[in-house]
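Below is one structure, written out as structure tokens; the observations come after it.
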Amino acid sequence: MSAKIYRPAKTAMQSGKAKTNLWLLEFDQEKPRTIDPVMGYTSSGDTLQQLRLTFESAEQAIAYAERNGIEYRVIAPKEATRKTVSYPDNFRFSRMQPWTH
């Protein structure tokens with residue numbers, strides 16, 4: 001059984017950074033999903049796929065994985081690059097594109 005350890009990024013629907021400071025351990029898919037021929041539902045016998053463990057730090061998640069014999073890979077978080085935008089630049093004379101509402 002293998003897992004990935006990562007820190008989730010901020011979703012597009014949230015303006016704050018809630019729940020982005022925790023580290024998650026998610027198990028990888030072991031068995032392929034199957035489609036029920038009668039109802040068309042997608043099902044899987046792999047119940048570890050539904051499990052998400054949260055940790056305060058990456059070191060705690062790595063220690064848990066090593067203690068329980070879980071193969072893991074750590075995905076480093078990508079920090080968002082902030083662009084400084086100035087409001088007066090919208091009305092600048094040397095602007096290449098015309099200003100519209």
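Here MET13 passes the criteria (1) outside any helix (DSSP H, G or I); (2) over 13 Å from the mean Cα position of the chain (by Cα); (3) at pLDDT 85 or above except the one numbered (3).
I'd like the residue in region 47-63 that is closer than 10 Å to TRP23 by Cβ and not in a loop (DSSP other than H, G, I, E, B) and, out of all such residues, is most open to solvent (accessible area, probe 1.4 Å). Top of the filtered list is GLU59.
Within region 4-33, the set of residues being open to solvent by 70 Å² or more (accessible area, probe 1.4 Å), in contact (Cβ under 8 Å) with a residue 60 or more places away in the chain and not hydrophobic (A, V, I, L, M, F, W, C) comprises ARG7, LYS10.
Yes or no: ALA58 touching a Phe, Trp or Tyr at 6+ places or on another chain (Cβ under 6 Å) and either modelled with pLDDT under 80 or within 20 Å of ARG7 (Cα to Cα) (or both)? Here the answer is yes, as ALA58 does meet what is asked. Among the criteria (1) modelled with pLDDT under 90; (2) under 28 Å from LYS78 (Cβ atoms), the one ARG52 does not fulfil is (1). For region 1-30, a residue qualifies if it is touching a strand residue (DSSP E or B) at 6+ places or on another chain (Cβ under 8 Å) and not charged (D, E, K, R), and the qualifying residues are MET1, SER2, ALA3, ILE5, TYR6, PRO8, LEU22, TRP23, LEU24, LEU25, PHE27. Only one of the listed residues (VAL85, VAL38) is more than 30 Å from MET1 (Cβ to Cβ), loosely packed, with under 10 Cβ neighbours inside 10 Å and at pLDDT 85 or above. That residue is VAL38.
The values are calculated or read from the model by the stated rules, or taken from the named source; none is laboratory data. None of these values were measured; they are calculated from a predicted model. Positions of Cβ are backbone-derived with ideal geometry, glycine not excepted, and every protein chain shown enters the neighbour counts. Just the protein is used for accessible areas: all its heavy atoms, side chains included, with ligands, DNA and RNA removed. Shrake-Rupley method; radii C 1.70, N 1.55, O 1.52, S 1.80 Å.
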